[in-house]
1. Check 66, 59 and return the single one that is under 15 Å from the mean Cα position of the chain (by Cα) and loosely packed, with under 13 Cβ neighbours inside 10 Å.
2. Taking only pairs six or more apart or across chains, which ones have beta-carbon atoms under 9 Å, a first residue in segment 41-68 that is at positive phi and in contact (Cβ under 8 Å) with a residue 24 or more places away in the chain, and a second residue that is in a helix (DSSP H, G or I) and surrounded by 11 or more Cβ atoms within 10 Å (Cβ to Cβ)?
3. Restricting to segment 33-46, name every residue that is closer than 13 Å to residue 65 by Cβ and either touching a strand residue (DSSP E or B) at 6+ places or on another chain (Cβ under 8 Å) or surrounded by fewer than 12 Cβ atoms within 10 Å (Cβ to Cβ) (or both).
4. State yes or no: is residue 29 modelled with pLDDT of 85 or more, surrounded by 11 or more Cβ atoms within 10 Å (Cβ to Cβ) and either touching a helix residue (DSSP H, G or I) at 6+ places or on another chain (Cβ under 9 Å) or at negative phi (or both)?
């Protein structure tokens with residue numbers, strides 16, 4: 001019985017790692033696509049100009065992506 005439980009934990013752990021990797025790749029691709037499609041330097045707007053609107057928009061994109069991947 002303990003071996004079956006260990007295998008179940010291992011499968012769940014690997015599934016969690018796969019979802020985390022999917023989220024990381026998705027965030028990277030979303031950030032790059034948004035950075036390429038928009039003419040504004042987002043990093044400069046958020047850090048130098050303290051533009052809270054851009055920060056909220058990027059956080060909403062990542063939060064939405066996390067919700068979608070979490071529902072898989």
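The values are calculated or read from the model by the stated rules, or taken from the named source; none is laboratory data. Since the structure is predicted, the reported quantities are computational estimates derived from the model, not experimental observations. So basically every Cβ, Gly included, is an ideal-geometry build from the backbone, and we count neighbours across all protein chains shown.
1. Just a single option satisfies the conditions, and that option is 59.
2. none
3. Correct list: 33 only.
4. Judged against the criteria, residue 29 is a match.
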